1. Provide, for the chain, the number of lysine pairs with alpha carbons under 24 Å apart, each pair being eight or more places apart or on different chains.
2. For every helix of n ≥ 4 consecutive DSSP H residues, a contribution of -39,500 (n - 2.57) applies; sum these over the chain, divide by its total residues, and give [θ] at 222 nm rounded to the nearest 500 deg cm²/dmol.
3. Length gain on complete extension for the stretch residue 137 to residue 91, per 0.36 nm per residue less the alpha carbon to alpha carbon distance?
4. For the range 171-257, what number results from the quotient of the Cα radius of gyration and 2.2 N^0.38 Å?
5. Given R₀ = 51 Å, FRET efficiency for residue 26-residue 236 by Cβ-Cβ distance, to 0.05?
6. Taking the chain as the reference, fit the longest principal axis to its C-alpha atoms, fit the long axis of helix 239-256 to the helix C-alpha atoms, and give the angle between the two in degrees, 0 to 90, nearest 10.
7. Relative contact order for the range 38-187: what percent, with Cα pairs under 8 Å and sequence separation of 6 or more?
8. Is the chain best put as rounded, prolate or oblate by its Cα gyration tensor, with a ≥ b ≥ c the root eigenvalues, rounded for a/c under 1.5, and otherwise prolate when a/b is larger than b/c, oblate when not?
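Bear in mind these aren't lab numbers, they're just calculated from the coordinates by the rules spelled out. In this text the structure is predicted, and so the values were computed from the model without any measurement. Here Cβ is always computed from backbone atoms with ideal geometry, including for glycine, and neighbour counts include all displayed protein chains.
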Amino acid sequence: MHGIARHNRAPIRPQAPDARGEKGPQLNEQTLSMRLERVAVHVPAGARLADIGSDHGYLPVALMRRGAIAAAVAGEVALTPYHAANRTVCENGLDSQITVRLANGLAAIEPGDGITAVSICGMGGETIRDILDSGKAYLSGQERLILQPNGGEQPLRQWLMDNGYRILCEEVLRENRFDYEIIVAERAGPVIYTAEELYFGPVQMQARSPAFLSKWQRKLRQKHKTLSHFARAQQAVPEEKVQDIAREVRWITQLLA
Ligand SMILES: C[S@@+](CC[C@H](N)C(=O)[O-])C[C@H]1O[C@@H](n2cnc3c(N)ncnc32)[C@H](O)[C@@H]1O
């Protein structure tokens with residue numbers, strides 16, 4: 001796990017104390033984080049999965065151990081996680097079903113793999129968007145995309161809309177005091193989402209789950225704080241920035257009304 005920024009934060013923390021200071025369960029290919037468990041739910045039974053940015057390879061290995069998928073590719077751009085994924089695959093005796101490749105983004109996918117689902121999880125939404133955009137040539141358009149961005153959901157949804165992907169399912173979940181989103185999409189021809197739908201998620205706006213509403217209540221408090229900091233700032237904050245936050249506050253207030 002390599003990066004400490006919010007968007008690239010390592011989401012699996014073996015033996016880390018949980019939010020209440022107690023020891024959590026050891027997370028590995030047998031015990032996934034709740035976040036990866038929810039991602040796993042959206043992988044179709046019998047899929048041929050490409051898990052891009054697989055790190056230890058926990059997701060494809062867990063799914064294969066459960067007999068939930070037919071085959072997988074675990075793609076990693078960095079050497080240390082690439083070796084870690086190889087180790088997880090070997091230790092579980094899954095070398096013939098899971099191929100680990102050192103590759104940038106979707107370049108891990110080869111035509112003969114017959115991939116039917118692609119998961120890209122635990123990265124910023126912009127990073128996921130860039131991986132999809134620069135790797136379009138590796139997609140047939142038939143794959144289900146299961147994306148779990150850590151922030152940057154709006155630009156990711158924008159990319160999906162611009163590229164003819166319909167958002168089928170969305171989820172918000174809270175784990176270790178972080179809100180995570182899962183976005184599941186499939187290519188289905190032209191689709192139009194409003195600016196608010198791109199911001200909140202079209203499916204989530206309809207479903208209004210308790211986790212979704214709590215997330216936006218927290219966000220609203222943060223944004224009010226930001227606006228009051230702006231008002232007290234020594235140096236004038238650019239008007240455009242103030243207006244952007246003020247618009248978000250209006251949208252969130254309407255959503256929660
Ligand atoms: C924070 S980890 C997430 C691991 C796992 N997907 C999860 O959700 O628990 C992000 C991983 O993505 C990898 N990564 C980042 N950019 C990538 C890219 N362009 N192609 C392949 N892997 C990438 C990093 O090396 C890192 O191992």
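1. Lysine pairs satisfying the spacing and distance rule in the chain number 6.
2. -12000 deg cm²/dmol
3. 13.3 nm
4. Computed over Cα atoms of the range 171-257, the ratio equals 1.28.
5. On the way: r = 51 Å, r/R0 = 0.99.
The value I calculate is 0.50.
6. Helix 239-256 sits roughly 80 degrees off the main axis of the chain.
7. Over the range 38-187, the number comes to 21 percent.
8. prolate
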